[in-house]
Each structure stands twice: as structure tokens, then as C-alpha cells.
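Heads up, the thing below is written out as C-alpha cells.
The values are calculated or read from the model by the stated rules, or taken from the named source; none is laboratory data. Values in this document were obtained by computation on a predicted structure and should not be read as measured data. Note: ideal-geometry Cβ built from the backbone for every residue, glycine included; neighbour counts use all protein chains shown. Areas reflect the complete protein model, heavy atoms only, side chains present, ligands, DNA and RNA absent. Shrake-Rupley method; radii C 1.70, N 1.55, O 1.52, S 1.80 Å.
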Amino acid sequence: MTAADSAPRTARVLTGYCPEDGFLAAELDPPPAEYVWHDEHAEQQDQRYGPGTGYQQWLAVDANDGAVWFGDTDWRDPRGNFADQLPGLPRRALGDGTIPAPGIMVQLLGHLTHDQQHGCTWRFFTVEELHTLAQRILPAVQRLVDSIHRIGPDGQLEWSAEAATAWDDIEHTTTHTLDPSGDLHWPRLRTTPIPAWRVEVGAFLAANPELCEPSWGVATDAELDAYAAYQPDTGYGGVPGRACHTTDRQIEDGFTFYGHRAALYAYRAQACGERTPTEARTWLETTETGRSTWEAAKPLGATLADVSDCVLTALTKRFQNAAREHGLVLTGLPTYLRHLRDEERAAVDQQLLFEGEEIERLENMLKDFRAGRNRTVTRILAWSDGRGDAEIARLASMPDEYVSEWRARLNGDQTTATPGL
């Protein structure tokens, strides 16, 4: 059981934000009324609204464990950018995929209402009203926490169709109205069924099993994540888009898909059965069993650079069989072995590059020495000091007949050295 599995997941208002503990953690500082106004006749845009109209109150929801709390921003901040004052990201900034850690989402509360009788009215809420609102949305928060996808040993969060629908209910419930007397009203919490246009990727694959790739069953986390992150210039992305692109299939418009990574991880878990998916590199390089298996499987008399694809396939089967005895499935194994072979072959390429450069260097040196030797032989032959061709050839480390032919050419007034000598 992971830490994510054992953590409490009960929707609740955090301690310090309740009346029974005196709202000790709640510190609201709304602007005075004289700073909150709208002048539609002002000539300059920055003069139409008072500085207090940018004040923002919010509810925060921890999608990991269901905690809810509330707070506000500093209306005096001259930058007017309150993003760094929020404990998390607004829903609209997250999209429909993975939720970044720590999984805290913020619902910004609207304060402005407008009608012909009263014009623009800003209504800021007290800690008691915010506590009431937080209590009101707890059933929707519980639905969100129970249905959101949790991926991997760390329980990384990803939107599900039901969780996204639960958040819509939260947004609906936190949109206030004022009656003619100015009294505050919050909508009743609703439990909206998942609309047909919201589709779980797992359900999509179950209905289209021919789109599933067997390689998902032995893919690494990184490979599954990359597959789920597919994003074309047009059309659907994610798992459905990638799978349909590969098989030249088309998805009709109008759907939003949820749980891309969760569906791939679930497929791999089902393919592995009772065995634990374990990254091949980790097992082969860091475990005693993996290292001994690798040593026993090394190709005799050759490095991995010299083995063929058939041998790599055989090694893949051998390693998987060895891991199976320990209740494991090695993920990313073919890719890992090809990567190792590519690295070794790249090292051989570098060796060949060095050897070629060294030969070129030595050949250039030899060319210079050969030219110098030719000049020296020509010089000695010109002396005509009575030495025979064999003696000169011995000094020059060349065949006797070369010197004889050279002497004959010199005697014929041809003084240019023979090419290649």
C-alpha cells in the first residue's frame, strides 16, 4: 500500500476555518466600500473601477484528500496579479489532463451583480458565509475525490469524467445571487449525471479493443506518458487520437476524453496480472538478480554492438523469463537493449573516426618523409662517388631496382623523382 492509498480522503473543512475553532486560520481583509465603485462615464478605462473591485475571495479544494478552506487576496497589491497569492490553480488553468502536485484547485468567487435598479453591486462574503458555502459543496468534493484518477505509486492525479462533472457542480453552487432585498442566496447543490460528451478513455478502448497496442503491456511509465501526451495540430489528441491516427480511423467531433494515462496504466496492470511492472534498466543495473542475469546472458566472444536483431529478441525473452521467476514484468526492455547496442555501436563509430584521422595524419607524415628521402637519394646519386645501387638502396630501405632505375633516369637528364617513391 502506497502513501497515496493510505491517506484519508474525506471531504471536510480544514481546522481553523470553522466556527467551533473561532476561524483562527481565516484572515479576510475586504476593501472598504469607498474603494469599491464603478463609474461608467469615466473617460479613462483605469478610472472606471475603484481599486477595491479587484479584490478576490476563493475556495480551495485539495483533490488528494478532500480538504476545503477559503481565503482572499490583497486588494492593495499594485500589480493586480493575484495568481501568486492563491494556494493552487483555478480549474480553467488546468485543462482536462494531469493535475500538477500538490493537487490543490481554487474556485474563484464572483462578487459582482448587476441589475437596472441597483446597477453594479459588489458583495463580499464573511467568514461565516464562506464556511457555509464550504460545507455546502462537501458532497461534490467527496464525489470528486472518490472518482478522480490516481496514477502510479505516488498517486498522481488525473481528471476523470465524473470528477470534472463534480467540479461543474461546485462551480454552479458557488455562483451566488441577490434577491431584491439584497439577501444572499446560494444555489442548491446538484449531482449532475456525467454527460454523454464526456468519455473515459478506458471505456473508449474497451469499446474499440482493436485500437489497443500489446506494447503497452511492457511499456515504461515514460513511454506510456509520452503516448498519452500525443497532440496533433488538428483533431483529437491523447490516447484516442494517437490510436486512431495510427490505424487511420476518425473520431466524430463533440467529445472530451478523460483518463488518458490512467487507461494506459490500467491496460499495463491487466497485462501484467499478478506480476509487478519494473523498469528493465533499474532491474538489470541495480539489482543483484538483474546483474547476474545480465552477466550470464552476455554474448560469448562479442559485445552487444555485434549482435543482430534476432539475438536482441532472444535476450528480451530470456530476461523476461528470468524476471517472471521473481514476479516481475520488465518494462521498456526492447528499447533499453537497443539503446545499449546503439551506445556501443556509437563507441565503435568513434573508434573508427579516431583510426581514420590517425591514418590520415600518419599518411601525411609518410608523404613528407618520402619526399625528403627522394631528395636525399637524388643528391647521393648525383655525387657519382662509386657506390653501387645495392648500398644506396640499403640506406634508403628500398629495392635495389628502384635505385637502378632512378640512376638511369638521372643519367638521361630526368631529375624529377618518381611518383610514389
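Taking the C-alpha atoms only, the angle from helix 260-272 to the longest principal axis of the chain is near 70 degrees.
Length gained on full extension, Ala207 to Gln142: 20.5 nm, using 0.36 nm per residue less the C-alpha separation.
Whole-Hz Karplus values for segment 126-131 come out as 7, 4, 5, 5, 5, 5 Hz, taken residue by residue from phi with 6.51 cos²θ - 1.76 cosθ + 1.60 and θ = phi - 60°; glycine and proline positions read x.
Given the choices [x] 31, 29, 19; [y] 78, 33, 20; [z] 37, 31, 19, semi-axes √(5λ) of the Cα gyration tensor in Å derived from the coordinates of this structure is entry [y].
Cβ-Cβ distance of Thr10 and Ala93, R₀ of 25 Å, FRET efficiency by 1/(1 + (r/R0)^6): the value works out to about 0.40. In this simple spin-label approximation, Cys310 and Asp168 carry label points 7 Å from Cα along the Cα→Cβ vector, and these lie 5.8 nm apart. About its Cα centre, segment 195-247 has a charge dipole of approximately 200 debye under the convention of +1 per Lys or Arg Cβ and -1 per Asp or Glu Cβ, with nothing else charged.
Over the chain, accessible surface divided per residue gives 57 Å², non-protein components excluded, 1.4 Å probe. Helix 309-324 axis versus longest C-alpha principal axis of the chain: approximately 50°, rounded to the nearest ten.
Charges were assigned to the Cβ only: +1 to each Lys and Arg, -1 to each Asp and Glu. The resulting dipole of segment 163-271 about its Cα centre is roughly 240 debye.
Per the 1.4 Å probe, what fraction of the accessible area of the chain, in percent, lies on carbon and sulfur atoms? Of the solvent-accessible surface of the chain, carbon and sulfur hold 52 percent. Here's how it looks for Gln156: its modeled amide H is under 5 Å from those of Ile151, which are all 5 or more places away or on a different chain. Simple rule: put +1 on each Lys or Arg Cβ and -1 on each Asp or Glu Cβ in the chain, find the dipole, and look at Ala297, Leu224, Ala206; the Cα lying farthest toward the positive end is Ala297. Across the options Val348, Thr192, Pro240, the greatest Cα extent toward the positive end of the charge dipole of the chain (unit charges at beta carbon of Lys, Arg, Asp, Glu) belongs to Val348. Mean separation of Cα pairs under 8 Å and 6+ residues apart, divided by the residue count of the chain: what relative contact order is that in percent? Answer for the chain is 10 percent.
Near the amide H of Glu279, within less than 5 Å, lie the amide hydrogens of Thr331, all on another chain or at least 5 residues away, with H placed in the peptide plane. Simple spin-label estimate for Thr132 and Glu285 gives 6.0 nm between the two label positions (7 Å along the Cα-to-Cβ direction from each Cα). Once the Cα atoms are used to define both axes, helix 400-411 deviates from the longest principal axis of the chain by about 80 degrees. Multiplying the residue separation of Leu112 and Arg48 by 0.36 nm and subtracting their alpha-carbon distance yields 21.6 nm. The string of couplings for segment 89-99 from the Karplus curve (6.51, -1.76, 1.60, θ = phi - 60°) is 9, x, 3, 5, 7, 8, x, 10, x, 6, 9 Hz, one whole number per residue in order, with x for Gly and Pro.
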